[in-house]
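Read through the structure below, which is laid out as structure tokens, and then see the notes.
The values are calculated or read from the model by the stated rules, or taken from the named source; none is laboratory data. From a predicted model like this one, the values you see are computed outputs, not experimental measurements. A quick note on method: Cβ atoms are made from the backbone with ideal geometry, for glycine too, and the neighbour counts reach across all protein chains shown.
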Amino acid sequence: MKTIVIGLDCAAPEIVLRDERLPNIRRLMQSGCYGRLESVIPPITVPAWMSMATSQDPGSLGVYGFRNRSDHSYGGLSFANATSITAPAIWDYLGAEGRRVVIVGVPPMYPPRKVNGVSVGCFLTPDTVKNEFTHPPRIKGELERLVGDYPVDVKGFRTDDKDWLRDQIYEMTRKHFEVIRHLMTHEPWDYFQFVEIGLDRMHHGFWQFHDPRHRQHVPGNPYQSVVTDYYAYLDDQIGRTLALLDDDTIVLVASDHGAQSLDGGFAVNEWLYREGLLALRDHPSRPTPFSVENVDWAKTRVWSEGGYYARVFFNVEGREPSGTIPSARYEEFRREMTARLEALVDDRGRRMRTRVFRPEEIYRAVRNVAPDLIVYFDDLWWRSIGAIGYESLHVQENDTGPDECNHAQFGVFVLSAPGLPVRGEVEGMHILDVAPTLMDLLGRPVPPTMQGTSLLRRA
């Protein structure tokens with residue numbers, strides 16, 4: 001029995017499960033089961049896709065986002081790549097049994113993973129011309145002959161040129177599916193998994209035009225149907241892909257997280273500065289990227305990294321080079337910071353529904369250097385802004401460029417398989433349950449390192 005996992009980065013359940021213009025996904029729903037898919041904390045592309053594939057949470061993987069502290073120094077941030085994930089994925093277990101696998105664009109997939117079959121790099125690939133991004137290397141030449149320049153991403157997708165962005169996403173997606181169907185028909189495989197990143201880029205670029213709840217939404221705008229039109233295009237591409245499969249195939253459509261409106265950004269480091277928790281050598285008069293060189297560490301207790309969520313770090317004696325928080329006061333200080341963060345209000349004076357997490361309480365294990373606190377401002381309706389020098393703590397502009405949505409905690413799954421005993425809408429499915437479920441459907445034992453539970457073995 002073959003398995004194909006169709007990954008749609010950032011796919012929103014309220015669209016996938018409710019839009020009647022998606023006939024191919026509708027057919028999969030009618031023949032199997034479906035529902036919301038709870039993501040990991042944080043619901044970020046890296047590490048969520050590998051949490052799905054390994055059935056291990058971010059703490060166990062030791063990867064908490066795209067950028068992670070490599071040590072307890074102040075400047076030791078490193079970008080995650082394929083070498084950051086050492087836990088075996090489902091395709092590694094199957095490959096060890098001699099089954100052939102094809103993995104395309106599953107983040108982080110650069111450098112390309114050495115699998116028993118074929119792998120193609122993800123959007124983290126620096127340059128598809130200069131860098132080797134396929135395993136084996138011969139696949140790179142095949143892709144070039146097939147589609148010319150192979151786009152792993154839309155470079156510069158944070159732009160106000162919406163016509164250009166829409167066209168670039170469609171062109172990238174067309175090439176991706178052409179490559180996927182080529183590999184499906186020209187390479188031997190038992191397990192095939194790919195991720196289409198275009199949906200994530202479409203959401204970040206066009207969500208305000210689509211969602212009436214968005215603060216910047218204008219009814220009847222010229223881009224109002226761009227998001228749902230693209231879902232329909234993806235559904236058509238999926239239908240053409242499913243036509244290449246026989247009936248004895250497990251099919252899973254899934255996303256790593258969902259999408260939701262972004263009300264704005266909270267300037268977390270500016271707030272920490274005003275609260276006397278972050279000391280600067282020079283406070284800029286205009287928005288400026290946060291720089292560790294500008295921090296007076298001997299007087300600083302807390303700093304943060306921006307992003308869709310905030311990673312908050314403490315300056316602890318004996319741990320950081322110039323620590324200021326006595327280690328004996330660590331837990332007391334963490335409780336104080338949690339209370340201060342949870343008391344924050346938005347730009348209208350309403351108390352945010354801010355959620356604050358302690359890594360050791362939400363992860364099975366905590367590897368490498370985790371944040372001291374993980375923070376969702378207003379339950380992800382506000383993103384974290386790391387830059388400093390803002391006049392207001394609440395901003396509409398993003399310090400990394402135009403952005404229309406944030407990630408939502410719940411993505412989506414649709415599963416169809418021969419003899420699948422579970423039918424209809426399912427509640428309570430977690431992203432860590434995906435790999436155990438697929439192993440179970442294949443009649444393979446679920447490895448003890450997997451933390452999720454097979455959907456087939458629920459009590």
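The figures follow:
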item	result
Pair list, Cβ < 7 Å and 6+ apart or interchain, from region 153-164 residues that are modelled with pLDDT under 95 to residues that are assigned to a loop (DSSP other than H, G, I, E, B)	158/400; 158/401; 158/402; 158/403; 159/402; 160/402
Residue pairs meeting the criteria (Cβ under 6 Å; at least 6 apart or on separate chains; first more than 22 Å from residue 125 (Cβ to Cβ), in region 71-88; second modelled with pLDDT of 95 or more and assigned to a loop (DSSP other than H, G, I, E, B))	72/319; 72/320
Elements of type strands (runs of 3 or more DSSP E) contained in region 6-117, each with 1 or more residues being among the hydroxyl-bearing types (Ser, Thr, Tyr) and at pLDDT 95 or above	33-38
Enumeration of residues in region 382-396 that are buried (at least 20 other Cβ atoms within 10 Å of the Cβ), in a loop (DSSP other than H, G, I, E, B) and more than 23 Å from the chain's Cα centre (by Cα)	390
Single condition residue 1 does not satisfy, out of (1) surrounded by fewer than 20 Cβ atoms within 10 Å (Cβ to Cβ); (2) among the hydrophobic types (A, V, I, L, M, F, W, C); (3) touching a Lys or Arg at 6+ places or on another chain (Cβ under 9 Å)	(3)
Sole exception among (1) touching a residue at least 60 places away in the same chain (Cβ under 8 Å); (2) within 24 Å of residue 248 (Cβ to Cβ); (3) in contact with a Leu (Cβ under 8 Å, 6 or more places away or on another chain) for residue 421, by number	(1)
Residues satisfying the stated conditions in region 81-109, i.e. crowded, with 23+ Cβ neighbours inside 10 Å and not β-branched (Val, Ile, Thr)	89, 91, 105, 107, 108, 109
Subset of region 353-381 [under 18 Å from the mean Cα position of the chain (by Cα) and more than 27 Å from residue 291 (Cβ to Cβ)]	362, 363, 379, 381
Test for residue 301: is it within 30 Å of the chain's Cα centre (by Cα), loosely packed, with under 14 Cβ neighbours inside 10 Å and not small (Gly, Ala, Ser)	no
Filter result (more than 22 Å from the chain's Cα centre (by Cα), assigned to a loop (DSSP other than H, G, I, E, B) and farther than 11 Å from residue 90 by Cβ) within region 421-443	421, 422, 423, 426, 443
Residue match in region 119-133 (condition: of a type in the set (A, V, I, L, M, F, W, C), outside any loop (DSSP other than H, G, I, E, B) and over 12 Å from residue 193 (Cβ atoms))	no
Check on residue 364, buried (at least 16 other Cβ atoms within 10 Å of the Cβ) and charged (D, E, K, R)	no
Region 181-215: number of residues that are closer than 19 Å to residue 157 by Cα, touching a helix residue (DSSP H, G or I) at 6+ places or on another chain (Cβ under 9 Å) and of a type outside the set (Lys, Arg)	13
Residue satisfying all of: in region 6-21; crowded, with 24+ Cβ neighbours inside 10 Å and aliphatic (A, V, I, L, M); farthest from residue 260 (Cα to Cα) among these	6
Any pair with Cβ under 7 angstrom, 6 or more apart, that starts in region 127-145 at a residue that is under 17 Å from residue 181 (Cα atoms) and ends at one that is among the aromatic types (Phe, Trp, Tyr)	140/133; 143/150; 144/150
Within region 220-330, strands (runs of 3 or more DSSP E) holding 2 or more residues that are at pLDDT 95 or above and touching a Leu at 6+ places or on another chain (Cβ under 7 Å)	249-254, 264-267, 302-305
Per-region count, region 155-174, residues part of a helix (DSSP H, G or I) and crowded, with 18+ Cβ neighbours inside 10 Å	6
So residue 170, is it under 19 Å from residue 49 (Cβ atoms), in the same structural domain as residue 205 (by TED's automatic domain parsing) and in contact (Cβ under 8 Å) with a residue 24 or more places away in the chain	no
Any hit, region 211-224, residues being among the basic types (Lys, Arg) and either buried (at least 17 other Cβ atoms within 10 Å of the Cβ) or in contact with a strand residue (DSSP E or B) (Cβ under 8 Å, 6 or more places away or on another chain) (or both)	yes
For residue 207: the one exception among (1) in contact with a Pro (Cβ under 9 Å, 6 or more places away or on another chain); (2) buried (at least 21 other Cβ atoms within 10 Å of the Cβ)	(1)
Any hit, region 241-259, residues being surrounded by fewer than 17 Cβ atoms within 10 Å (Cβ to Cβ), assigned by TED's automatic domain parsing to the domain that holds residue 105 and within 27 Å of residue 205 (Cβ to Cβ)	no
